[in-house]
1. Would you point out which residue out of B:I14, B:I112, B:I54 is closer than 30 Å to A:R43 by Cβ and in contact (Cβ under 8 Å) with a residue 12 or more places away in the chain?
2. So A:V132 fits all but one of (1) part of a loop (DSSP other than H, G, I, E, B); (2) more than 9 Å from chain B (Cβ to nearest Cβ); (3) under 19 Å from A:I176 (Cα atoms); what number is the exception?
3. When the range B:120-138 is examined, which residues are found to be closer than 18 Å to B:N241 by Cα and crowded, with 20+ Cβ neighbours inside 10 Å?
4. Identify all residues within the range A:295-329 that are among the basic types (K, R), modelled with pLDDT of 90 or more and either in a loop (DSSP other than H, G, I, E, B) or touching a strand residue (DSSP E or B) at 6+ places or on another chain (Cβ under 7 Å) (or both); write none if there are none.
5. Considering only residues that are away from chain B (no Cβ under 11 Å) and part of a loop (DSSP other than H, G, I, E, B), which ones fall in the range A:341-357?
6. Any residue at all in the range A:147-162 that is within 11 Å of chain B (Cβ to nearest Cβ), buried (at least 20 other Cβ atoms within 10 Å of the Cβ) and under 26 Å from B:E218 (Cβ atoms)?
7. If you take just the helices (runs of 4 or more DSSP H) that sit entirely in the range B:178-271, which of them hold at least 1 residues that are within 14 Å of chain A (Cβ to nearest Cβ), surrounded by fewer than 14 Cβ atoms within 10 Å (Cβ to Cβ) and without any contact (Cβ under 8 Å) to a residue 24 or more places away in the chain?
8. Residues A:K117, A:K143, A:K121: which one is within 9 Å of chain B (Cβ to nearest Cβ) and without any contact (Cβ under 8 Å) to a residue 12 or more places away in the chain?
Amino acid sequence: MDLSIPYNGDLNFLQILKESKKYNIKTVYGKRAQDVIGGGRARYDITGYDEENLKKAIKITKEMGAEFNYLFNAPCSANSEFEKEKEIVNQIEELVNEYKIDMVTIANPFLLKIVKKHFPKLKVSISTIARVDSLEKVLEYEKAGADEITLDYNIYRNFPELKRIKENSSINFQLIANDGYLFNCPWAIYHFQLEGHDSQLEYNNMLRYFSYCRFNCKQKSAQDPSELIRGMWIRPEDAKYYEEIGYGKLKIIDRLKETSWLLNVVDAYNDGKYDGNLSDILCSFDTFEKEETKTPVIKKDDICEEKIQSLRNYWDLKPYIDNKKLNELNFIDFFRKNKTDCRNIKCSDCKYCEKIAKQSVHVNTENANNVVNNLDIIKDTMADLLKQNREKINA
Amino acid sequence: MNYFLDLIPSKTFIEELSKYNNQNNIILNIYIKQLPSMNINKFLYIDIKDYEKIIREVRKNDFKINIVFDTFCLGNKEFSIQGREILETLDKVMKEKPEFVTITNNFYYRYIKTHYENVKLICSEYTEINNVQKINRYLEDLESSGVKLDTLLLKDRKQMKYISSKFDKNNIYINVNKRGYKNNIYKDTLNNNIAHYIQKEEWENIEKLLTQYKKECEKQGQQMVELNQEDIDYLIGLGFNNLWYYDTENNPDKYLQDIQNFLEVKTLQIA
């Protein structure tokens with residue numbers, strides 16, 4: 001299985017991967033915290049690395065025989081693809097000529113035209129943010145000159161559609177291995193827009209970003225543990241079934257994680273197995289080498305805009321997803337054999353994920369309840385803070 | 001049957017339409033400049049300072065109100081000074097107790113839900129409600145009062161039959177005369193672009209964008225999708241009773257005529 005690896009700013013991470021020689025790393029991906037187009041993560045999330053660091057990262061990537069993929073995958077550029085074409089071209093030109101990137105990832109088909117027009121040899125990968133979820137959309141991107149597509153999460157367990165796509169197109173694909181994304185998430189589009197705009201240069205004057213959508217997602221998972229099973233992750237043990245139908249490249253996420261965490265994930269997918277808690281390797285959670293502690297109850301007075309990112313203890317869910325149990329239950333077989341598209345039926349008519357969750361997911365009930373209540377208070381307080389902060393913003 | 005019709009902000013329009021309000025349950029879609037929407041007809045937008053006056057006229061004729069605040073992207077303004085102004089405008093608008101608000105933005109959705117109890121929140125088609133799972137997410141998980149369905153889904157009779165059996169039809173809203181391209185890779189981008197141009201009031205750029213977009217789609221051989229009369233009849237036959245009829249041509253007299261035809265015989269005037 002080929003892997004696409006995130007660059008988290010730690011050169012040592014890439015050195016370890018390079019020196020071990022046991023991983024099939026095809027791509028390393030990364031980006032600056034902010035640029036003219038933006039990406040899939042807010043700048044406040046990224047610890048940031050300087051230009052020299054980025055250049056060294058690209059150099060090590062090439063030394064390990066991989067390509068460096070620079071991300072320009074914000075879904076909305078507020079019309080800069082029409083108004084700032086020159087600036088966009090200049091930025092890409094610098095990355096191609098000076099930094100020697102091999103590929104860009106985009107989510108906007110108008111940007112695809114710009115890249116192909118000015119940089120015909122530069123490879124273009126279409127982001128999952130573009131929500132390519134059908135053969136017809138795949139063929140449109142193929143016609144438009146894209147080289148690779150990361151398919152939309154919501155079809156990862158739709159084996160008939162995945163097969164249909166692979167059999168009828170000649171473009172390269174990758175699937176995201178380890179996101180605990182909610183199936184058909186109602187906040188997904190908004191989430192990508194918020195993160196994308198925050199990572200654009202134009203948005204320097206905004207208030208400190210907070211991950212409103214992630215709060216909702218956490219809350220939903222805390223309320224209903226079967227959401228943890230419905231999440232569109234691919235277990236290391238199940239990757240071979242995707243490879244069998246032609247999906248031989250997995251993208252590991254994400255760029256915000258520490259090196260030790262990422263190495264654990266890379267090893268799991270390289271080895272094709274993971275013993276223990278599956279949420280250790282899913283990027284939505286922070287359970288790897290962490291003890292579960294009691295989730296405190298938040299008070300409204302604890303919340304202020306400056307501290308919002310440090311309130312994680314109040315909304316961090318630490319589930320235990322028993323991966324060994326999922327093996328015993330042959331978890332993926334239902335989806336491999338099933339002809340139904342999960343998008344077209346109510347979960348309450350099927351209940352497969354609910355049944356699996358009852359046997360394999362363990363969540364501390366008191367902590368889960370506190371997460372739900374805390375997040376309600378946090379979300380509502382943010383709106384109040386916006387109203388109150390006018391004098392502070394104007395100062 | 002409930003009819004959601006765009007309010008053309010003129011006394012004549014309101015009075016003419018009021019003749020139909022006894023036999024039909026008409027809800028007027030109101031577009032406010034300071035609460036961005038996706039409607040590209042700039043003549044529908046009213047300024048917040050004229051809002052109360054218009055609402056008085058609307059209420060005098062016993063119409064219900066739907067505030068359309070369905071912009072696809074606010075560019076993170078919600079967390080800035082402009083966001084505070086939007087909240088103030090929203091509070092002002094909600095004082096008049098509209099019966100419905102149609103919305104896309106999750107942040108304002110939550111704000112309205114927690115601060116205003118008696119309003120029905122409809123999730124707009126820009127939230128991409130194009131399958132059963134999404135309907136479930138919004139109606140059950142987010143406890144929305146209603147969802148407007150994507151046109152592609154409306155054309156899928158098998159799915160619509162399933163939906164009619166699984167969900168309360170009173171919570172499903174149908175765009176009667178909206179069109180779009182099938183499997184279109186430009187859709188999200190176009191919605192983002194339009195949202196930002198409307199907020200900057202760059203109406204001429206919207207025209208240019210739509211021309212370019214149409215050219216791209218036709219070059220790719222994309223198929224236009226819209227409801228025809230048989231589709232409407234089928235959906236009404238299944239029991240769906242919330243119909244939304246847009247003003248697509250910025251021609252008030254024609255719109256009034258089209259509405260009258262539609263209210264009388266449920267017949268579309270297909271251009």
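1. Just a single option satisfies the conditions, and that option is B:I112.
2. (2)
3. Scanning the range B:120-138 gives B:L121, B:I122, B:C123, B:S124, B:E125, B:I129, B:I135.
4. From the range A:295-329, those among the basic types (K, R) are A:299-300, A:307, A:312, A:318, A:324-325; that's our starting set.
With the extra rule that they be modelled with pLDDT of 90 or more, the set shrinks to A:318, A:324-325.
A:K318, the sole residue that qualifies.
5. A:K351
6. Yes: one or more hits.
7. B:203-219
8. A:K143
The values are calculated or read from the model by the stated rules, or taken from the named source; none is laboratory data. Everything quoted here is computed from the prediction, not taken from an experiment. When we count neighbours, we look across all protein chains shown, and the Cβ atoms used for this are built from the backbone with ideal geometry, even at glycine.
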